[in-house]
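To keep things clear, I will list the structure first and then write my remarks on it.
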2 protein chains.
Amino acid sequence: MAKNDKKVAAITSMEEDFAKWYTDIVKKAELIEYTSVKGCMVIRPYGYAIWENIQQILDAMFKATGHENVCMPMFIPESLLQKEKDHVEGFAPEVAWVTHGGSEKLEERLCVRPTSETLFCEHYHNIIQSYRDLPKLYNQWVSVVRWEKTTRPFLRSREFLWQEGHTIHENAEQAREETIKMLNVYAEFCELFCAIPVVKGRKTESDKFAGAVDTYAIEALMHDGKALQAGTSHYFGDGFAKAFDITYTDKNNTVQYPHQTSWGMTTRMIGAVIMTHGDNNGLVLPPAIAPIQVVIIPVSQQKEGVLEKALELKELLEMNNIRVKLDDSDNTPGWKYSEYEMKGVPLRIEIGPRDIENNVCVAVKRTSREKSNITIDTNLPKNILVKLQEVVDELYKSAFENREKRSYPCKTTDEITSVLAEKGDGFIKAMWCGSEECEDKVKELTGVSSRCIPFEREEISDVCVCCGKPAKEMVYWGKAY
Amino acid sequence: MAKNDKKVAAITSMEEDFAKWYTDIVKKAELIEYTSVKGCMVIRPYGYAIWENIQQILDAMFKATGHENVCMPMFIPESLLQKEKDHVEGFAPEVAWVTHGGSEKLEERLCVRPTSETLFCEHYHNIIQSYRDLPKLYNQWVSVVRWEKTTRPFLRSREFLWQEGHTIHENAEQAREETIKMLNVYAEFCELFCAIPVVKGRKTESDKFAGAVDTYAIEALMHDGKALQAGTSHYFGDGFAKAFDITYTDKNNTVQYPHQTSWGMTTRMIGAVIMTHGDNNGLVLPPAIAPIQVVIIPVSQQKEGVLEKALELKELLEMNNIRVKLDDSDNTPGWKYSEYEMKGVPLRIEIGPRDIENNVCVAVKRTSREKSNITIDTNLPKNILVKLQEVVDELYKSAFENREKRSYPCKTTDEITSVLAEKGDGFIKAMWCGSEECEDKVKELTGVSSRCIPFEREEISDVCVCCGKPAKEMVYWGKAY
C-alpha cells in the first residue's frame, strides 16, 4: 500500500482562472459531486457538515428572536401560485411542473415550490381570526427549485437548500421592524460567524422580490471583486393578505388586513465563504462553521508515545467542545498538511517526539500559517480557542481590507468604466437620481448593476452618476453572482 | 376580552370512533393543518417541534454509529430510476412526475424521489474505486413523495419527512451487520425515547422493499389493536451494485461488487406515538420528544408573589435543561389544564399562594394524573426529572401490557377468525409453512397480513396455520396502518 496513493491534486490558481479555481475547490475539498440531474448536486458529508453548522447557528438565532419552525408541502397548485399577480409573474417562468401522479394525469398541475409565500398565505387564511393569533413568526428549513439555465455549485443551482422565514403581523410598523430585525440577524451571522463583512441596504424597485413592497439585502464582495447577495429580507405590506383574503379582528372589533414579511438565506453562503476566504491552497473556513476546527497531525507517529500524546490532546480538546480530528493514517505529514489546507481546517496542530520532550505542540494557523508552540497543560484548550479567534479576526480583517481596497467612489459613468478597466471588478459607489432608466443605462454603459441602496449613505456627489440630475440615492453597484 | 374565548373543544372518544379520535387529536393539539395540496399537510410548530426532537435523538444515534449526513437531489431522471428492475417496478406506479421546467418540456421526465437508492448508487459509482473508499455510511434528512390514493396525517401522506440511511460495504457480512445494527438503533429509539415496545423481525418475501434481498422491520401495536411498522432496514446484497456498475478493487487487487443497505424512519413515528399513548383527553407525549416537558400553571396568579415564584421555578428548571413553559395567560387554570392535557405535556406543575406558604409545588403526571407535592429547593429539578422518568415508565408499561393483552397465539385460521371476532384486532402469533399461497390465503380468510417473522420465535405449533404442512416460520400477523 503506497503511502501517497491518494494525492491532493493541485488546484488552478485564482489569478489564472477564478471560476475554475472555485469549482476545483468544491470538488477537491469534497464539498459536492455532480449528478446526472442537470443543475442539481450531491452535497457530500464535508459540505453538508458546513451547512449543518450554519443551520445550527442561524436556527438558534431565529429561536432566540421568537421564531418557530414549521413545514409546508413542497408542491403548490397552479391556482394557488397565481393568486398574487406580481408573485406569479416573477416565479412562474422558472418553476418545475408536476403533471402526473403515477400513471395518471393530474387535474391541476403542481409546481415544486420556488418559495413558499403562497402556501404560508393559505395557512394564515386558515388559522388567523383575531389579533390574539398575531404575530405568527415562522421559519422552515427546506429545499426549493428554480429552473435556472446556467448553474454553478452552491451559487446557482436548480435545487438549493435554504431557510425561509415567513411572518405576519398586526400592522405595517411591526412587519417593517421584523424585516429589518432579520436583516440584522443575517448581517450579524455573516460578520461574526462567517467573518464576511456585508453592506446592508435596500434593493431598487427593479430588483425587488416578486410581490414585495421593499426588499432588503446584505451584499458581500468576493475575492474577484464581484458582489454576492448573501441574504434578503422582504416587507410585503398587506398585498398578499388582500390577495389571499387573510383578515383579523382587532381589539376594537374591526376587521383588518395583517402585514407580512419573508426572509431567506441559502447554501449560497458556502459559496460566499469559499470566494471570500479561500486561497490557492484551497478552502479556508471560519471556525464557527468548520466541520473540523482543529486537525492534529502526529509527526514520526511510529515513535513511541507520539500517537498516545496526540490522542490525549484530542480528548482534551473534545472535552472542551472543540471539533477536532486526529489523522493517524499512514499518509505522510506533508500530504496531510496539504489535505487539511485544501479542506480549510482553521488550525493544525503538529506533534512529534521533540515537541513531546519539550511538553509543547505546534499550532499552525490556516490563514497566516504562523506557527507557535503551545504548552501542553490545562490551559491548552483555552489557548487553542484564542488561536481560533485569531483566525476569525484575520479572516475578517483581510476580507474587509479587500472590500475597502476594491470599493470605488465614482461621479460619472466614464469614471466607472475607467476604474473597472484599470483596477478590475469591485463595488462602485455612485449617486443615482432614482429613475429606472438611469439604472438600466449605467448597466448598459459600464456593466455594473445596482446592488443596494446602503443604510449608511455616503455623499459621493450631488448629482446622478448617469443623467446629472439631482441625486436621490447613493447606490452600491457591481457585477453580481 | 373573555377569559375563555378560545375553548379547548372536546374530542371524539377513541372507543366511539378511533379514526375520528386520531384526526381530532392531530388538529386540536395543533400538530397539523390541511392544505389545498391533496394528501399533503402543514406540520405546525408544535408538531414540527416533536419531529425536531425525534431528529435530534436519532441523528446523534446515527453519528455515534459512524454515519455522516449528505444531501441528494430531490429529482431522479426516469432512466436512472429504471436501472434496477425490481426497484422501478415497486416505485414507478406511485411517483410524481416533473415534465416541464418553466415553459419548456423536459427532454427526459424526472420523478420526485420516492426514496433515493438510485441517486446514492449513481454517487457511489462516481466516488468508489478502492476498498479504502469503503464503507460509506450515509444518511439524509429530507422529504419524499409517493402518490398515495388515500391519505391520513402522519400515517400516510403524499409527501412525508424521513431520514434515509444508505450504506455500502466491502462484503455481505459487513452489510448484513449494518442492517441489523440500524434495526436495533430504531428499536432502542422507540423503546427508550418513545416508550413504544416493538417486535423486531424480518419481512416475508412478498412484503420486502423493492430491490431488497431482506427487509427487516420493527412493528408496534396501537391502542386499537392495529399494527404499525415503525421503521425498516434493508439488506440489498450486490444487486444494486451490479445494476449501477459499482465496483471496487480489494486488497488483493481483484475487482469486486460492494454490498449495500438502506434504512428509514419517518414522521409516521408521530402517528405511532399518538396511537400508542394518547387518551380521550388528547395527546400524551414521552418526555424525550415533548416540545414542552413541564408546564407551570400559576393558580390565583393575580395574588402577590405567585407569578414571581412561578417564574423562579421556570428558570430553575430551564437551567437544568428541562423544556418548560410558564403559562401566565389570562385563561383560567382549568382551561389551561385541559389545553396542556390535549397537547400531551408529560408533567404539569401547579403553584398557588397556599403552596408557596408551604414551600411546595404540585406535580401532576399526564399519565396517571397522580398528584404529589414537591418541595421547592435545590433538589427540585432532580425530583422533576424523576417524575418525568415515571411518566416514561408508565407509558411503556401500559403500552406493553396493551400489546401483551392483545397478542393471540392461534393454531388455525378458524381460531384467528374467532379470536378477532371476540376480542378485536391485535397481533396474531401463528406458524407458517413459508409459502406465499398460504400467506395470501390467511389474509383472504381472516383479514390479517403477515407483519414480520420475529427474531424471538415462539413455538405456537408444529404446523402451518393455513395448510397444516410442517411449519417453517413463526409469524406475527395483524391489520396494518
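Quick rundown of the values:
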{"read-out": "Helix B:333-342 axis, angle to chain B major axis (alpha carbon atoms, nearest 10°)", "value": "10"}
{"read-out": "Nm distances between copies for B:Asn359, ranked from closest, using label points 7 Å along Cα→Cβ", "value": "4.8"}
{"read-out": "Linear extension gain, B:Glu308 paired with B:Val386, 0.36 nm per residue minus alpha-carbon span", "value": "25.6 nm"}
{"read-out": "Chain A - mean residue ellipticity at 222 nm from DSSP helices (-39,500 (n - 2.57) per run, n ≥ 4, rounded to 500)", "value": "-10500 deg cm²/dmol"}
{"read-out": "Cβ-based exposure ranking for A:Tyr476, B:Tyr186, in which fewest neighbours within 10 Å come first", "value": "A:Tyr476, B:Tyr186"}
{"read-out": "7 Å along Cα→Cβ, label-point gaps from B:Ile127 to other copies, nm, shortest first", "value": "3.6"}
{"read-out": "Net charge contributed by nearby residues that have their C-beta within less than 11 Å of B:Thr267 (K/R +1, D/E -1)", "value": "+1"}
{"read-out": "Between region B:90-108 and region B:43-69, the Cα center-to-center distance that results, in Å", "value": "31"}
{"read-out": "For region B:407-478, convex hull of alpha carbons as volume per residue, Å³", "value": "68"}
{"read-out": "Ranked list, fewest to most other Cβ atoms within 10 Å of each Cβ, for B:Glu84, A:Glu304", "value": "A:Glu304, B:Glu84"}
{"read-out": "More than 29 Å apart - percent of Cα-Cα pairs taken over chain A", "value": "56"}
{"read-out": "0 to 90° range, to nearest 10: angle between helix B:413-423 axis and chain B longest Cα axis", "value": "10"}
{"read-out": "Acute angle (nearest 10 degrees) that the helix B:117-127 long axis makes with the longest principal axis of chain B, alpha-carbon atoms", "value": "70"}
{"read-out": "Hits among aspartates and glutamates - C-alpha to C-alpha of B:Lys309 under 20 Å, sequence gap 8 or more where chains match", "value": "B:Glu318, B:Asp327, B:Asp328, B:Asp330, B:Glu350, B:Asp355, B:Glu357, B:Asp377"}
{"read-out": "Distance in nm between pseudo-label sites at A:Glu357 and A:Thr99 (7 Å out along the Cβ direction from Cα)", "value": "7.6"}
{"read-out": "Proxy reagent accessibility, fewest Cβ within 10 Å first, across A:Arg176, B:Arg268, B:Arg366", "value": "A:Arg176, B:Arg268, B:Arg366"}
{"read-out": "Summed side-chain charge close to A:Ser143 - residues other than A:Ser143 whose Cβ falls under 12 Å, Lys, Arg +1, Asp, Glu -1", "value": "+2"}
{"read-out": "Within-10-Å neighbourhood charge of A:Tyr481 [Cβ basis; K, R +1; D, E -1]", "value": "+4"}
{"read-out": "Peptide ranges A:224-231, A:397-404 listed from the most packed, as the mean C-beta count within 10 angstrom indicates", "value": "A:224-231, A:397-404"}
{"read-out": "Alpha-carbon centroids, region B:238-252 and region A:252-299: separation in whole Å", "value": "37"}
{"read-out": "B:Asn252 paired with A:Glu52, simple spin-label distance in nm, labels 7 Å along Cα-to-beta-carbon", "value": "3.7"}
{"read-out": "Unsatisfied cross-links (Cα-Cα over 19 Å) in the set B:Lys365/B:Lys387; A:Lys441/A:Lys469; A:Lys405/A:Lys479; A:Lys203/A:Lys469; B:Lys200/B:Lys469; A:Lys85/B:Lys38", "value": "A:Lys203/A:Lys469; B:Lys200/B:Lys469; A:Lys85/B:Lys38"}
{"read-out": "Calculated label separations, B:Ser79, copies of the chain, 7 Å along the beta-carbon direction, nm", "value": "3.8"}
{"read-out": "10 Å Cβ neighbours from other chains, averaged over peptide A:87-100", "value": "4"}
{"read-out": "Region B:349-386 and region B:115-133: distance between their alpha carbon centers, rounded to Å", "value": "55"}
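Here, each number is a calculation from the coordinates, and none is a lab measurement. Remember, predicted model here, so these are calculated numbers, not experimental data. Here Cβ is always computed from backbone atoms with ideal geometry, including for glycine, and neighbour counts include all displayed protein chains.
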